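Engineer: The structure is given below, and queries will be raised subsequently.
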Amino acid sequence: MRVSPAIYEYAARLIGVTPWEASRSKELMIEAHAEAYRRYAHSPILVGIDVYNVEAEAYGAIIPQPAGAGIPSITVHPCSATSDIPELNPLNPAADGRIPLVIKAARALTALLPGANVKIPVSGPFSLASNLVGFENLLCDCMTAPDDVAAALSFLVEGQVAFVKAIHAAGIGVTTFESAATPPLLSPEMFRDIALPALKRLLQEAGEILGENISCIIGGNTLPILDYLMETRPGYVICPSETDQNAFMHRMAQWPEVMVRVNMVPGIIARGDPKEIRQEADRVWALAAGRENACIGTGVIPYETDPETVLDLLQYVKQKSRTSSC
């Protein structure tokens, strides 16, 4: 059993810079993720710091510099209504926002770390729409103007497919992130009727471009939408700590070919108590045991986490794997 830590803004801590600094500098982004890989040899390396912000900023969202080690977040959305989204300029991955920076950083990491599994996060259409118009506005439009939402998501799929093509041309892999569409933020019925068609299209077209089933990361209480999610034919999903993990893993027995990352509760990692972390690792181990395509996940590692805590977790699971195979 291996551990797949979710390292985003936490990479910045490993080189002593803030998430903002690492997110705005190609050199610091490379250094941060290379240092994380040097310490943890994790797979995949997801090249990003504030992963849901990159495309939204390229479309015009405003992300001011936060204080201290705060995580960059959107404060001004470029659209006031979902119907405004198709009026935006089409996404140009070669020039817009930080997209070229992220692609260049990923290419450099691929050259620097032979054998590493380097991927770029790509936002799902519903999550991207929520960052362009604001989640409350998007949710209201889902109930009052679903046709506008469908048109907006279709427009965004076109841009995300262009992004995937640019990533593939650079020789990099892709992981999609669509957590804004998760219950309880969105009801299972709204996920099925509104978010799912665009997500299916994105994953299908991305899969055709890359020649593989694409990873699809959705956090939250995903058990109620699991059957719908599997209609997208993902190659990799997570079993979030926020859902009924026992029921989730039982249901996933229908899809043995899909890699499942079973997440630990991330707050336990941040607290750093060795006994508590090992108990949590044992709990998640038991959930993943017996499934060939499974690994242990940390959830998103908070910036303040002690680096030695992550290393201790990896070593504990590695030793546990050796003992169980004897």
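Here, each number is a calculation from the coordinates, and none is a lab measurement. Keep in mind that what you see is a predicted model, and the values were worked out from it rather than measured. Here Cβ is always computed from backbone atoms with ideal geometry, including for glycine, and neighbour counts include all displayed protein chains.
Engineer: Taking the C-alpha atoms of the range 3-325, how large are the radius of gyration and the largest Cα-Cα span, Dmax, in Å?
Structural biologist: 18.9, 58
Engineer: Could you tell me the center-to-center distance, by alpha carbons, between the range 108-174 and the range 1-36 in angstrom?
Structural biologist: 21 Å
Engineer: May I ask for the angle, rounded to the nearest 10°, between helix 146-169 and the longest principal axis of the chain, with both axes built from Cα atoms and the value confined to 0 to 90°?
Structural biologist: Relative to the chain, helix 146-169 is tipped by roughly 60 degrees.
Engineer: Output wanted: per-residue J couplings in Hz (rounded whole) for the range 213-230, from phi through Karplus 6.51 cos²θ - 1.76 cosθ + 1.60, θ = phi - 60°, x for Gly and Pro.
Structural biologist: Once rounded to whole Hz, the list reads 6, 8, 5, 9, 9, 10, x, x, 8, 8, 4, x, 10, 4, 4, 5, 4, 5.
Engineer: Using Cα atoms only, what is the angle between the long axis of helix 196-210 and the major principal axis of the chain, expressed in degrees (0 to 90) to the nearest 10?
Structural biologist: Tilt of helix 196-210: around 70 degrees.
Engineer: Need the full-extension length gain, ALA67 to ARG192, defined as separation in residues times 0.36 nm minus the C-alpha distance. One decimal, nm. The partial results should precede the final answer.
Structural biologist: Numbers: separation 125, 0.36 × 125 = 45.00 nm, distance 3.86 nm.
Contour length minus the Cα-Cα distance gives 41.1 nm.
Engineer: I would also like to ask the following. May I ask you to derive the FRET efficiency for ALA247 and ALA94 from their Cβ-Cβ distance with R0 = 51 Å, giving the value to the nearest 0.05? Don't jump to the answer; show the numbers that get you there.
Structural biologist: Working: r = 44 Å, r/R0 = 0.87.
For ALA247 and ALA94, the calculated efficiency is 0.70.
Engineer: Just want the ordering: TYR236, TYR10, from fewest to most Cβ atoms lying within 10 Å of their own Cβ.
Structural biologist: Details: TYR236 20, TYR10 24.
The most exposed by this proxy come first: TYR236, TYR10.
Engineer: Tilt of helix 274-288 relative to the longest C-alpha principal axis of the chain, in degrees (0 to 90, nearest 10)?
Structural biologist: 70 degrees
Engineer: Okay, next question. Under unit Cβ charges (Lys, Arg +1; Asp, Glu -1), what dipole magnitude, rounded to 20 debye, does the chain have relative to its Cα centre? Can you show the working numbers first?
Structural biologist: Details: 25 positive and 36 negative charges, 270 e Å.
That gives a dipole near 1300 debye.
Engineer: Still on this model: Could you pull out every one of the lysines with an alpha carbon less than 25 Å from that of LYS26, ignoring same-chain neighbours closer than 8 positions?
Structural biologist: LYS104, LYS119, LYS165
Engineer: Could you list THR309, THR323, THR222 in order of exposure, starting from the residue whose Cβ has the fewest other Cβ atoms within 10 Å?
Structural biologist: Details: THR309 19, THR323 8, THR222 24.
Taking fewest neighbouring Cβ atoms as first place, the list is THR323, THR309, THR222.
Engineer: Using alpha carbons only, what's the Rg to Rh ratio of the range 227-326 with Rh from Kirkwood? Can you show the working numbers first?
Structural biologist: Numbers: Rg = 14.0 Å, Rh = 14.2 Å.
Here the Rg-to-Rh quotient is 0.98.
Engineer: Whose amide H sits under 5 Å from the amide H of CYS239, counting only residues 5 or more places off or on another chain, with H placed in the peptide plane?
Structural biologist: Sorted by chain and number, the residues that satisfy this are ARG261, VAL262, ASN263.
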